[in-house]
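Q: Below is a structure I'd like to ask you about.
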Amino acid sequence: VTAGGPPGADQPAPARARPGQPDGLEMSEAVFKLFQGAIHRSAGIYLAEHKRALLVRRLRGRLRTLGLDSYLDYYRLVTRRDDSSELVTMLDLVTTNETRFFRESLQLDLLERELLPALQRAAGERRRPRRVRAWCAACSSGEEPFTLAALLACHLPAEWRREVLATDLSTRMLERARRASWPVRQLAQIPARYRSEFAVRPACGDGQETIEASARLRAMIRFERHNLHLDAPAPGPFDLVLCRNVLMYFDLVAKRQVVARLLSVLADDGYLLVGHADSLSGLDPRLRLVAPTVYARSERPAGASEPAPAEPLAAPPGWEP
Ligand SMILES: C[S@@+](CC[C@H](N)C(=O)[O-])C[C@H]1O[C@@H](n2cnc3c(N)ncnc32)[C@H](O)[C@@H]1O
């Protein structure tokens, strides 16, 4: 990430107290544009001008922790060429991580009623192995990959291999996802027939009651940090790629590149699942709509090229192409 930006950005905004900004820290328009550029370059996320107050709210505590008194100083720290650790922390702070178990239930019903049975039929006719590999490409705090693992556990025959790769940009979210433990109030999000895969744990110490995923679900999922905007796709092929409720934060160019990379690792008979707000209309000629928000890959049109791969994620042991 490089510095540089609009004229006037060199001068820190004067620290004047304003209503809603009790500590007097202000972010000038010029400094906002610097952050906007850095966030876009490093994560593909486009923050429109009206998101300036949101950005200030999300970063203010970090400035306080670091004892900095201007956003420009913080920008300089974030964009240091010799140390990207503060960039990682800032991206943790600026991403929106909202998620829940069994989100987009119509899509999950389709998975249960049609997509998984189609894979089973193909395996019955020896056209594919008895195995499902899935990639949750923006897994947040883990509710989505554990939902998927519960579906695969309950709707595929016992002898099938099930593998879920769960990735996210946010290290903070990945840490929570790996813990596989959530506040007990989230139990209500899990339909009764899947609850046997989640155990309620009594509160210990000052903590609260939690729900924890079963060992068999945990064993199915592997977590990695992965940046959809900059990193090469995880080594496929994947039968299912879930990239839900994240593409809407990207600008058109970034979104197109990400979708092309995801399609490049989708198995021939695989499915790409996006969120209802992630419009893919007209984005890539290889996208074939199977159901609302569910896509398969049609043949690449003549002359179209593959996106250039960057450094790949390391394939785990036993992960044969
Ligand atoms: C709104 S949450 C959606 C979580 C889940 N997919 C769902 O639908 O419930 C968006 C997630 O995308 C992640 N994200 C944002 N930009 C990303 C990027 N460039 N690469 C990978 N993940 C990203 C965020 O950290 C966040 O956890």
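The values are calculated or read from the model by the stated rules, or taken from the named source; none is laboratory data. Just so it is clear, the model here is predicted, and its values are computed rather than measured. Neighbour counts run over all protein chains shown; Cβ positions are idealised from the backbone, glycine included. We work out accessible area using only protein heavy atoms, side chains counted, and drop any ligands, DNA or RNA first. Shrake-Rupley method; radii C 1.70, N 1.55, O 1.52, S 1.80 Å.
Q: Can you pull the one-decimal nm distance between simple spin-label points at Arg113 and Thr65, each 7 Å off the Cα toward Cβ?
A: 4.6
Q: Could you sort Arg126, Arg178 by accessible area so the largest value comes first, with the probe set to 1.4 Å?
A: Descending order: Arg126, Arg178.
Q: Which residue, Leu148, Leu93, Leu54, has the most motion in a Gaussian network model of the chain that connects Cα atoms within less than 10 Å?
A: Highest fluctuation of the listed residues: Leu54.
Q: Which residue fluctuates the most in the chain, going by a Gaussian network model with Cα springs under 10 Å, if the choices are Arg127, Arg244, Arg62?
A: It is Arg127.
Q: For the chain, state what percent of all Cα-Cα pairs lands in each successive 20 Å bin, counting from 0 Å until the bin that includes the largest distance.
A: Spelled out bin by bin, the chain gives 29, 53, 17, 1 percent.
Q: With each label point set 7 Å from Cα along the Cα-Cβ vector, what nm distance links Val88 and Arg127?
A: It is 4.4 nm.
Q: Of all DSSP beta bridges located in the chain, what percent are antiparallel, nearest 5?
A: Approximately 45 percent, going by the DSSP bridge assignments.
Q: Next question, about the same structure. Would you mind working out the accessible area per residue for segment 242-297, using a 1.4 Å probe, and quoting it in Å²?
A: Value for segment 242-297: 39 Å² per residue.
Q: Let's see if you can work this out: charge +1 on each Lys and Arg Cβ, -1 on each Asp and Glu Cβ, no other charges. What is the dipole magnitude of segment 106-182 about its Cα centre, in debye to the nearest 20?
A: Using only the charged Cβ atoms, the result is roughly 380 debye.
Q: For Asp278, which sequence-distant residues (separation of 5 or more, or a different chain) have an amide H within less than 5 Å of its own amide H, given hydrogens modelled in the peptide plane?
A: Asn245
Q: Right, here's the next one. Divide by every residue of the chain the summed helix terms, -39500 (n - 2.57) for each DSSP H run of at least 4, and state the resulting mean residue ellipticity at 222 nm, rounded to the nearest 500 deg cm²/dmol.
A: Taken over the chain, the calculation gives -9500 deg cm²/dmol.
Q: Quick check: Cα centre of segment 197-245 to Cα centre of segment 48-102, how many Å?
A: 24
Q: For Arg128, Arg57, give the ranking by accessible area with the largest first, probe 1.4 Å.
A: From most accessible down to least: Arg57, Arg128.
Q: Still on this model: Rounded to two decimals, what is Rg over Rh for segment 224-300 when you use alpha-carbon atoms and the Kirkwood radius?
A: My calculation puts Rg/Rh at 0.91.
Q: Let me know the charge dipole size of the chain about its Cα centre in debye, to the nearest 20, where only the beta-carbon of Lys, Arg (+1) and Asp, Glu (-1) is charged.
A: Magnitude of the dipole: close to 420 debye.
Q: Then there is this: Report, to the nearest whole %, how much of the accessible area of the chain belongs to carbon and sulfur atoms, 1.4 Å probe, protein only.
A: 51
Q: If you don't mind, another one. Relative contact order of the chain, please, whole-number percent, based on alpha carbon pairs below 8 angstrom and at least 6 residues apart.
A: Contact order relative to length: 15 percent.
Q: What number in nm² do you get for segment 59-124 if you take the convex hull of its Cα atoms and divide its surface by four?
A: That works out to 8.1 nm².
Q: Tell me, what HN-Hα J-couplings in whole Hz come from the Karplus equation 6.51 cos²θ - 1.76 cosθ + 1.60 at θ = phi - 60° for each residue of segment 262-270, using x for Gly and Pro?
A: Taking θ as phi minus 60°, the curve returns 5, 5, 5, 10, 7, 4, 4, 9, x Hz for segment 262-270.
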